[in-house]
């Protein structure tokens, strides 16, 4: 009888470690899925980024979001970086980042606010008790996910390929030029670029040249 108990105990330990390894694979670094060649996709609406990410099967990724709001909820009238979490399950232009976090497509968000909207965003963040400021960068945790909010020049540098998402409705030609300059300097290296809205033809050509490198 004692021998059987030892066997069952040993099996329980083995199963526990297998579960831990499985979760580590799914949610840890080995569960992060990247692409071998960069892809640039132009879409009509911001929410279509979620469909694009799912079509490529990417998981556990850093999202670099160039937009005025964090796309975690709210509506069209939301102020820059106002925080609202409606808990909706259908993707809209205002909650698709939240859904991407929930299904482990995105694990961390670097939200870059255009210069002309930074003052509004910084004011909202200064009033948010969850936000912490370190120099010119704000950080906070939403739905167990780390957000870093900054102007373009405060973007962290990483060697890990990122998901780059740009909302053309919130960006000026100057903003696009700043983004391309950061990419050329190696501040970040995207393997999936999604751009929504109207994009100047010159910017399309420049992004295409970056994709072919």
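Data overview
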item: Pick from region 142-151, criterion modelled with pLDDT of 90 or more and surrounded by fewer than 20 Cβ atoms within 10 Å (Cβ to Cβ), ranking: farthest from residue 126 (Cα to Cα); result: 145
item: Filtered residues of region 152-170 (kept if more than 20 Å from residue 46 (Cα to Cα) and either within 13 Å of the chain's Cα centre (by Cα) or outside any helix (DSSP H, G or I) (or both)); result: 155, 156, 157, 158, 159, 160, 161
item: Residues within region 171-190 that are within 17 Å of the chain's Cα centre (by Cα) and buried (at least 20 other Cβ atoms within 10 Å of the Cβ), tallied; result: 3
item: Enumeration of residues in region 128-151 that are in contact with a helix residue (DSSP H, G or I) (Cβ under 8 Å, 6 or more places away or on another chain) and either part of a loop (DSSP other than H, G, I, E, B) or not assigned by TED's automatic domain parsing to the domain that holds residue 188 (or both); result: 131, 135, 136, 143, 151
item: Residues located in region 100-127, provided they are more than 17 Å from residue 167 (Cα to Cα), under 11 Å from the mean Cα position of the chain (by Cα) and not in a strand (DSSP E or B); result: 101, 104, 105
item: Subset tally (residues that are touching a helix residue (DSSP H, G or I) at 6+ places or on another chain (Cβ under 8 Å), at pLDDT 70 or above and assigned to a loop (DSSP other than H, G, I, E, B)) for region 25-68; result: 6
item: Residue check, residue 170 closer than 23 Å to residue 118 by Cα, out of contact with any helix residue (DSSP H, G or I) (no Cβ under 7 Å at 6 or more places or on another chain) and free of Cβ contacts under 8 Å to residues at least 40 places away in the same chain; result: no
item: Boolean, residue 137 is surrounded by 15 or more Cβ atoms within 10 Å (Cβ to Cβ), within 20 Å of residue 56 (Cβ to Cβ) and in contact (Cβ under 8 Å) with a residue 12 or more places away in the chain; result: no
item: Residue check, residue 125 surrounded by 15 or more Cβ atoms within 10 Å (Cβ to Cβ) and either closer than 20 Å to residue 204 by Cβ or outside the structural domain of residue 206 (by TED's automatic domain parsing) (or both); result: no
item: Hits in region 109-122 (condition: surrounded by fewer than 19 Cβ atoms within 10 Å (Cβ to Cβ) and touching a helix residue (DSSP H, G or I) at 6+ places or on another chain (Cβ under 9 Å)); result: 115, 116, 117
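The values are calculated or read from the model by the stated rules, or taken from the named source; none is laboratory data. Note that the coordinates shown come from a computational prediction; the quantities given were computed from them, not determined experimentally. Neighbour counts run over all protein chains shown; Cβ positions are idealised from the backbone, glycine included.
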